[in-house]
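Asks: Handing you a structure now.
Bear in mind these aren't lab numbers, they're just calculated from the coordinates by the rules spelled out. Values in this document were obtained by computation on a predicted structure and should not be read as measured data. Neighbour counts are summed over all protein chains in view; Cβ atoms, including those assigned to glycine, are modelled from backbone coordinates with ideal geometry.
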Amino acid sequence: MKIKKLAFPIVIGILSVVFVVSLLVCVAAFWSELSYARGYVTEPDSFYYSLQDSDYSRVLDGMYRNKAAGVEETAEYREIYAVALYFEAASYYKAYGEAGDIASAEREKAVMEAQIPLMGELSYAVEDIHRQLGIVSFEDT
Amino acid sequence: MKCKGCGSNLSIQDEVCGSCGLENPQYKKHREEMRRFRKEYDSTREAVLRKSRHMGGVTLRVTIIAVLVTLILISWVLAANAWNIGYFIRERQVAGEWEKHGEMLHTLEESGEYFALAAYYDEHSLYQCEQLEEYNAVYQACRNYAYCYEYLMQLQNEDDYTPREDTIGYFCDSLDYLYENMVQEEYDPPEWYEGLHKATLEQITYEIRVLLMAYAKIPAEVAGQFPELSTGRRLVEIERGLGIYED
């Protein structure tokens, strides 16, 4: 009789727990879907880690994804993006120069010169970029 | 009925005759029967009320259980279809803004910002937009070009944690996909490979060639033939250029 009396509350309790868990799973699924739809945004800290590892191509990729996602360009982001754009221009400056495409190389050189004043405290990266790409000077090619 | 004493009218509810005062023999019997009927009625009424209360309680419990089970099933179905629902919503959003996206893609393609084009296409899930299908080939080329560039630059970074063999493998795979998507297949619409798109694909081919020459140290004549080479041959040339492969 006692068991019969307790059966209903126990069933309700179990179903309530299952419902709460199902609801959490449902919310997690939609949250995950929302995050996926929002795309991947790179925060300044992630950029700094990449800069520390001299992984400039990753910084460049993060910059383009942030711009596509419409992330607001703070002063911090602008300095980081200047490094990324400098790296991109430097890589093509060397490549065009060695291939004999002087016009394209000069175009990339102009981009490089434009980014230097925008780097702020990250201007130390210029030397590292040159070392990594094997650019001795602007006149290297 | 009539009184047995004086013959006057009597009702069954009269205990004595109103005329002669004689006791009504039927009254007692009637009173007993009424009591019995009353008792039966009360007991039946009690039983009915008890049963209906019980049924009401059972119905309520069953309803609560049914509602909970339904809510659980609904949340499972929604969770299982979260991606489909999100895809449908995104598809509607993208379809509503396809002109704006088309203009942006055109601008980026015209200015040669291929990495930005790939990122924009990915961010806004433009593969869901039928009206922008003509950008399929260009997008694939830009996306694989971006991967090629990233892996090639990682090979220049001595501090990179990924083993060089792995990065070279990823680079070669991306090159394969890049060159595959440059070629118009039998069922590909011609507009994918015409006009500005054709110029874009040619420019990307050129840029990859100069990058291969500068950073993979591929000789100019070999770099020019890269799109026609086999996957294995490309790998050999890259490893040779990077000083890994020895004849």
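Asks: Within straight cross-link reach of residue B:100, meaning Cα distance under 16 Å, which aspartates and glutamates are found once same-chain residues fewer than 8 apart are removed?
Replies: B:91, B:109, B:110, B:122, B:123, B:130, B:133, B:134
Asks: Further, regarding this structure: Expected output is a single nm value to one decimal: the length gained when fully extending between residue B:242 and residue B:71, i.e. 0.36 nm times separation in residues minus the C-alpha distance. What is it?
Replies: Stretched out fully, the residue B:242 to residue B:71 stretch lengthens by 55.5 nm.
Asks: Another question, if that's okay. Below 8 Å, C-alpha to C-alpha, sequence gap of six or more: please give me the relative contact order for region B:98-241 in percent.
Replies: Taking the mean separation of contacting Cα pairs over the length of region B:98-241, I get 23 percent.
Asks: Counting only Cα atoms, I'd like the Rg/Rh figure for region B:98-241, Kirkwood definition for Rh.
Replies: That ratio equals 0.99.
Asks: Moving to a separate point now. Might you report the magnitude of the Cβ-based charge dipole of chain B about its Cα centre, with Lys and Arg at +1 and Asp and Glu at -1, to the nearest 20 debye? Walk me through the numbers before you get to the answer.
Replies: Numbers: 25 positive and 42 negative charges, 989 e Å.
Once rounded to the nearest 20, the dipole reads 4740 debye.
Asks: Please determine, in degrees from 0 to 90 and to the nearest 10, the orientation of helix A:2-38 with respect to the longest principal axis defined by the Cα atoms of chain A, where the helix direction is its Cα long axis.
Replies: Here the helix axis deviates by roughly 20 degrees.
Asks: Please determine, in degrees from 0 to 90 and to the nearest 10, the orientation of helix B:231-241 with respect to the longest principal axis defined by the Cα atoms of chain B, where the helix direction is its Cα long axis.
Replies: Taking the Cα atoms of chain B, the angle to B:231-241 is about 60 degrees.
Asks: If the cut-off is a Cα-Cα distance under 20 Å, which aspartates and glutamates reach residue B:4, setting aside same-chain residues fewer than 8 apart in sequence?
Replies: By straight Cα distance, residue B:4 reaches B:14, B:15, B:23.
Asks: Starting from 0.36 nm per residue, how many nanometres of slack lie between residue A:131 and residue A:34 once their C-alpha separation is accounted for? Please report the intermediate quantities before stating the final value.
Replies: Details: separation 97, 0.36 × 97 = 34.92 nm, distance 4.12 nm.
Extra length available between residue A:131 and residue A:34 comes to 30.8 nm.
Asks: Might you list the cysteines of the protein assembly as shown that have no disulfide-compatible partner by the rule of another cysteine's Cβ under 4.7 Å?
Replies: Isolated Cys, the protein assembly as shown: A:26, B:129, B:142, B:148, B:172.
Asks: Between residue B:35 and residue B:95, what length in nm is gained on full extension when 0.36 nm per residue of separation is reduced by their alpha carbon distance?
Replies: 13.3 nm
Asks: While we're on this one: Please compare each pair in B:2/B:29; A:109/B:198; B:2/B:39 to a cut-off of 20 Å on the Cα-Cα distance and tell me which ones are over it.
Replies: Check vs 20 Å cut-off fails for A:109/B:198; B:2/B:39.
Asks: How many nm is it between the label spots at residue B:158 and residue B:45, if each spot is 7 Å from the Cα in line with the beta carbon?
Replies: Each label point lies 7 Å from its Cα, and together they span 10.4 nm.
Asks: Which one of A:99, A:115, A:83 has its Cα pushed farthest toward the positive end of the charge dipole of region A:41-141, where Lys and Arg give +1 and Asp and Glu give -1 at the Cβ?
Replies: A:99
Asks: Given R₀ = 51 Å, what would the calculated FRET efficiency be for residue B:22 paired with residue B:53, taking r from the Cβ atoms and rounding to 0.05?
Replies: Using R0 = 51 Å, I get an efficiency of 0.55.
Asks: Between A:116, A:12, A:80, where does the largest GNM mean-square fluctuation fall for chain A, given springs only between Cα atoms within less than 10 Å?
Replies: Largest GNM mean-square fluctuation: A:12.
Asks: Right, next: Could you tell me how many degrees, from 0 to 90 and to the nearest 10, lie between the Cα long axis of helix B:136-156 and the main elongation axis, the longest principal axis, of the Cα atoms of chain B?
Replies: 70
Asks: Now a separate question. Using only alpha carbon pairs under 8 Å that are at least six residues apart, calculate the relative contact order of region A:41-141 and give it in whole percent. List each step's numbers first, then the result.
Replies: Numbers: 101 pairs, mean separation 27.3, N = 101.
Once divided by the residue count of region A:41-141, the mean separation gives 27 percent.
Asks: Under 8 Å for C-alpha pairs, at least 6 residues apart: give me the relative contact order for chain B, rounded to a whole percent.
Replies: Working: 172 pairs, mean separation 28.3, N = 247.
With pairs under 8 Å counted, the relative contact order is 11 percent.
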